[in-house]
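Reading through the structure tokens given below for one structure.
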Amino acid sequence: MCGIVGYIGRRDATPILFKGLRRLEYRGYDSFGVATVGSALEVYKKTGRISDNEAEVACLRGSTGIGHTRWASYGEPTVINAHPQTDCDERIAVVHNGVIENYNELKRQLQERGHIFRSETDTEVIAHLIEEHYEGDLLAAVNATLAYLQGSYAILVVMEDAQRIVAARNASPLVLGVGDSEFFAASDLMPLLDYTERVIYLEDGDVADITPNRLDIYHDGQRVERPIELINWRVEDARKGGFAHYMQKEIFEQPQSFYETIRAGIDEHTRRMIMDANEITLVACGTSYHTTLIFKYLIEPLCNVSVRAEMGSEFKYFTPPLNGLVIAVSQSGETTDTIAALSMAKAHNCPTLAITNVQGSTITRVADRTLLMRAGPEIGVAATKSYTAQLAALMQIINLRCDGAFDDVLSHAHLAIGDVLLYDVRDAATLCSKANHAFFVGRGPFYPVSMEGALKMKEISYVHAEGYAAGELKHGPFALLTPETPVVAICTPGPTYSVMVSNIKEIKARKAPVIAIGVDGDKELAEIVDVFIPIPNTHLLVQVLTTSVVLQLLAYHTACALQRDIDRPRNLAKSVTVE
Ligand code: M6R
């Protein structure tokens, strides 16, 4: 998704802006741009990736500036459509995250009044509206403009001859960093980590007027105070630290992030909220949705509580009858569909809990309470350590509802995760890298684990993969099985073991190669499959974690074999802030 940065202070803005934009690269982008205010307003825009020496090449002057990475929505990824967007006279520059829903109408009206548009973006209307309302005061012009905008936005605005940034937020994240006689702005914490640990999260409807020595925040025209909070992430966490990819580093960080999330525990108010729930509905998207399905499979047979796991993207339009606790799960805390679902739950007067990795994210402002995962910054687009940290949070809820029955299991689970990290899955990865299609199958909680394995495989290796409940393959997908279609099967001890073995034999009879993940010493399984990956024979909760990590490694090594752009897979964004 798009990312924005801003700087105002005494330093040269350009290197700070480009460094900030590099920190936002993980969100995904296809073009970028920067505007600075020195003796004049200067704008630099390009398509493609930001190079190491972009600041020198751009050669902009000034200690006030704004920057943007664009993930094309309205209009192709071209230089003209890249942000900053400017007004007719190119005196005002705007960067914008979000979507202006009524931009067509606004654009038509502005064109009728003589404004000349250059781009196809919705953002450009903001620059022209500010131009139209400007009567000597940029803040007043931005305020007047906001009254016309429908949709979501986080914007930064600069103007020639003004050492000033005006920032505004509505339903798109915007955080300010506070330095000494300098301020930073960004769509998330990453660009701020290099400069300050003091941040201010703007609220929806806030407008900030920023000069090097002064920050004024207004809401509904009134000056308001917003607290300065301390960031709990370190800049080292955002570096690759000797690993080939962020994804690999983040896979290896899982013992720690799981342990830290368990160690942080659940506060008393949230515990009461969880214990009081007769019914639990979870909402989430993508990988986070898979963790909610795993939770449902695990908790229902153990505790007397009925659980529904719903996709955020469907929930808004097909809302089930709502009673009881609603839990929204989101690594970023910014996923639009999940936040919309959470807001609907609030509108139904349900108690709400957010499970997220990002302190101060939008979801934490919407939910009644927050359970913060301790995964640290996750930069690879593929969710890995946030997935297991979500499971840590959700497994604690199971443990709470089961009167602490899994205290011991959970406090040692990180060791088992550590045990599988060094597994050599290259034989299996070679098989997958030669395939165009693959299936991932399991039963019970291992069905959503398989869905997650397939999602990881397709998003970073581009091998088409589907996660299926093992018993469902014969109801259609069997038609696709060939010697070139590997099937990854999770087959661990338990009530479904023998039926899984039968399923694997059926798959083998259709000549599809099988990669099985089973427990150490399972000779029966090892003998019937093509590649056997043994994991330690542990508690079910731990097996869910270890099998998941093996599947992450499988996807990672397959993508390496295919030389994919692992941390920035094509067409994907880390944080999905549009519907
Ligand atoms: O930030 P969220 O957890 O709300 O993101 C939801 C999905 O976009 C995300 O889990 C996505 O599916 C993963 N990045 C895939 O690895």
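The values are calculated or read from the model by the stated rules, or taken from the named source; none is laboratory data. Remember, predicted model here, so these are calculated numbers, not experimental data. Please note: Cβ atoms are built from the backbone with ideal geometry, for glycine as well, and neighbour counts cover all protein chains shown. Surface areas here come from the heavy atoms of the whole protein model, side chains and all, with no ligands, DNA or RNA. Shrake-Rupley method; radii C 1.70, N 1.55, O 1.52, S 1.80 Å.
Tell me whether the stretch 243-421 comes out rounded, prolate or oblate; compute the Cα gyration tensor, take square roots of the eigenvalues as a ≥ b ≥ c, and use a/c under 1.5 as the rounded threshold.
oblate
Using protein chains only and a probe of 1.4 angstrom, how many square angstrom of Asp52 are accessible, to the nearest 10?
My reading of the accessible area for Asp52 is about 140 Å².
I want to make sure I understand the PRE zone here: with the label point 7 angstrom from the Cα of His219 toward its beta carbon, which residues in the stretch 337-363 have backbone N atoms less than 16 Å away?
360-363
I'd like the distance between the alpha-carbon centres of the stretch 50-67 and the stretch 174-200, rounded to an integer number of Å.
Cα centroid of the stretch 50-67 versus Cα centroid of the stretch 174-200: 18 Å apart.
Which Cα, out of Cys59, Thr78, Tyr148, lies furthest along the positive dipole direction of the stretch 59-155 (beta carbon charges, K/R +1, D/E -1)?
Cys59
For the charge dipole of the chain, defined by +1 on Lys and Arg C-beta atoms and -1 on Asp and Glu C-beta atoms about the Cα centroid, which residue among Val95, Met247, Leu562 has the Cα displaced farthest towards the positive pole?
After comparing all options, I get Leu562.
Under the rule of -39500 (n - 2.57) per DSSP H run of 4 or more residues, summed and divided by the residues of the chain, what mean residue ellipticity at 222 nm is obtained, to the nearest 500 deg cm²/dmol? Walk me through the numbers on the way to the answer.
Working: 19 runs with 206 residues, N = 579.
The helix contribution divided over the chain gives -10500 deg cm²/dmol.
Excluding Pro320 itself, what net charge comes from residues whose Cβ is under 12 Å from its Cβ, given Lys and Arg +1 and Asp and Glu -1? Working shown, then result.
Values: positive: Arg308, Lys316; negative: Glu279, Glu310, Glu314.
Taking every other residue near Pro320 into account, the sum is -1.
Take every DSSP beta bridge whose two residues both sit in the chain, then give the antiparallel share in percent to the nearest 5.
Approximately 60 percent, going by the DSSP bridge assignments.
Round to the nearest 10 and report in Å² the accessible area of Leu421, as given by a 1.4 Å probe over the protein chains' heavy atoms.
10
If you place +1 on the Cβ of every Lys and Arg and -1 on the Cβ of every Asp and Glu, how big does the dipole about the Cα centre of the stretch 377-475 come out, in debye to the nearest 20? It would help to have the intermediate numbers written out before the result.
On the way: 8 positive and 11 negative charges, 73 e Å.
For the stretch 377-475, the charge dipole is close to 360 debye.
Compare the Cα positions of Asn399, Pro377, Phe184 along the charge dipole of the chain (+1 at Cβ of Lys, Arg; -1 at Cβ of Asp, Glu; about the Cα centre) and return the one farthest towards the positive end.
After comparing all options, I get Asn399.
To the nearest 20 debye, what charge dipole does the chain have about its Cα centre, counting +1 at the Cβ of each Lys and Arg and -1 at the Cβ of each Asp and Glu?
1140
Please work out whether the stretch 3-231 counts as rounded, prolate or oblate from its C-alpha gyration tensor, where a ≥ b ≥ c are the square roots of the eigenvalues and a/c under 1.5 means rounded, while otherwise a/b larger than b/c means prolate and anything else oblate?
Working: a/c = 1.43, a/b = 1.13, b/c = 1.27.
Verdict is rounded for the stretch 3-231.
With r defined as the distance between the Cβ atoms of Asp194 and Asn304 and R0 fixed at 56 Å, what FRET efficiency is calculated, to the nearest 0.05?
Values: r = 50 Å, r/R0 = 0.89.
With R0 = 56 Å, the Cβ-Cβ based efficiency is 0.65.
Probe 1.4 Å, all protein chains in place: accessible area of His245 in Å², nearest 10?
About 40 Å², rounded to the nearest 10.
Given 0.36 nm per residue, what is the gain on full extension from Glu484 to Asn102 after removing their alpha carbon distance, in nm?
Values: separation 382, 0.36 × 382 = 137.52 nm, distance 4.94 nm.
Fully extending the segment from Glu484 to Asn102 adds 132.6 nm.
Please compute the length gained on full extension between His464 and Lys346, using 0.36 nm multiplied by the number of residues separating them and subtracting their Cα-Cα distance.
Working: separation 118, 0.36 × 118 = 42.48 nm, distance 3.75 nm.
Contour length minus the Cα-Cα distance gives 38.7 nm.
Starting from the Cα of Lys46, draw a straight line to each of the lysines and keep only those under 20 Å, dropping any in the same chain fewer than 8 residues away.
Reachable lysines: Lys19.
Collect residues whose amide H, placed 1.01 Å from N in the peptide plane, falls under 5 Å from the amide H of Glu279; neighbours closer than 5 in sequence don't count.
Here the answer is Leu325, since their amide H atoms fall under 5 Å of that of Glu279.
Using only Cα positions of the chain, each an equal point scatterer, no hydration layer, compute I(q)/I(0) via Debye at q = 0.06, 0.07, 0.08, 0.09 Å⁻¹ and quote the log10 values to two decimals.
With no solvent term, the Cα-only Debye profile gives -0.33, -0.44, -0.57, -0.71.
Obtain the nm distance between the two label points defined at Arg365 and Ile116 by a simple spin-label model: each point lies 7 Å from its Cα along the Cα-to-C-beta direction.
3.8
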